[in-house]
Amino acid sequence: KQSESDEGYSSQNTASTGWETMLSAIINAGFSITGTWPMRTEMTAALKYHVNALASSIVLVCRKRPANALTTTRRDFINCLKHELKPALHKLQMSNIAPVDLAQSAIGPGIGVYSRFSKVLEADGTPMSVRSALQIINQELDLYFTEQDGDLDRESRFCVDLYTQYAFNDVAFGEADVLARAKNTSVEKMASSGLLYAQKGVVRLRTRDEISTTTDGETIWILTQQLTSAIENDGVLGAAGIVCDILTSEPEQAKALSYRLYTIAERKGWAGEAYAYNSLVVAWPEVQSKAAELRSKQDNRKQMKLFETDNQ
């Protein structure tokens, strides 16, 4: 399994027994892990078609740990991890690593910090276990995506929080109202803009099917849902048709939000949701390429019209 939680969803207790066993053996044999890279080795056919199943094999990159490797403390380990993991995660995202592989890929730079030391000592002087290190790495991974929420508009931040707690299910108006006020927005405003269903004391996020492609993507949340729906229903061409008319950074923000929503859905066990967001990110290079092609055709048509107008 990619991840397991000792107590519910909290990343504070999320690790993987499989990874723990493998990495412990490698580290105890005197190696440090310098990278974990997903390799596309599995066919997405037969039983795996349209299923959020194994899509890749993870290659471990290892080096012999120096005999004079230093000992460090838990605090210094976490400081080093914060310094090195964030740029590594950013590079992985920019490389379009699929969300289903990102958490496993992040183990490389994360456990690389841990395994370069001969020991990482807890506050009571006992050696930190690989499981504890993996839990800390998962915390930092969650923190990385949570910090990206700060780049979102307030309505999208509200939607992410509501999605985390209730997905697309009903919630009492009072709870939604308290959350909306905390984000400096209102349920009424978001209902009128098409983000929420709000009637008779019940509030919920509108599903992708309910968010029309003709609705203006005034929020990153709406744009993300529109793109995800387009990939599901119309493939790359449908998503490219939406992106080609947007010349701002909003499509890239929607892609980043897809990573965040995948992580939430995967930890919650919402396989269908996780698959949808993963599919958008995996298709992103093709979407960009097709959008550029559509944009070029539009520009050529405009130039032809101008040429014909000038010659009349």
Residue 243: surrounded by 15 or more Cβ atoms within 10 Å (Cβ to Cβ), modelled with pLDDT of 95 or more and closer than 24 Å to residue 152 by Cβ, yes or no?
-> no
Tabulated pairs, the range 148-170, first within 18 Å of residue 268 (Cβ to Cβ), second open to solvent by 60 Å² or more (accessible area, probe 1.4 Å) and of a type in the set (Phe, Trp, Tyr), C-beta under 7 angstrom, 6+ apart or interchain | 167/270
Within the group 141, 134, which residue is out of contact with any Phe, Trp or Tyr (no Cβ under 7 Å at 6 or more places or on another chain) and among the aliphatic types (A, V, I, L, M)?
-> 141
Which of the residues belonging to the range 73-99 are open to solvent by less than 40 Å² (accessible area, probe 1.4 Å) and under 13 Å from the mean Cα position of the chain (by Cα)?
-> 89, 92, 93, 96, 97, 98, 99
Could you please let me know if residue 222 is surrounded by 22 or more Cβ atoms within 10 Å (Cβ to Cβ) and in a helix (DSSP H, G or I)?
-> yes
Just give me the residues in the range 116-170 being in contact with a Lys or Arg (Cβ under 7 Å, 6 or more places away or on another chain), open to solvent by less than 20 Å² (accessible area, probe 1.4 Å) and within 19 Å of residue 26 (Cβ to Cβ), in sequence order.
-> 120, 128
Single match in 59, 51 (criterion: on the phi < 0 side of the Ramachandran plot and at pLDDT 80 or above) | 59
For the range 263-275, what are the residues that are closer than 25 Å to residue 154 by Cβ and either open to solvent by 10 Å² or more (accessible area, probe 1.4 Å) or modelled with pLDDT of 95 or more (or both)?
-> 263, 267, 268, 270, 273
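The values are calculated or read from the model by the stated rules, or taken from the named source; none is laboratory data. The structure presented is a predicted model; accordingly, all values stated were derived computationally and were not measured. Here Cβ is always computed from backbone atoms with ideal geometry, including for glycine, and neighbour counts include all displayed protein chains. Ligands, DNA and RNA are stripped out before the accessible areas are found, and what is left, the full protein with its side chains, is counted by its heavy atoms. Shrake-Rupley method; radii C 1.70, N 1.55, O 1.52, S 1.80 Å.
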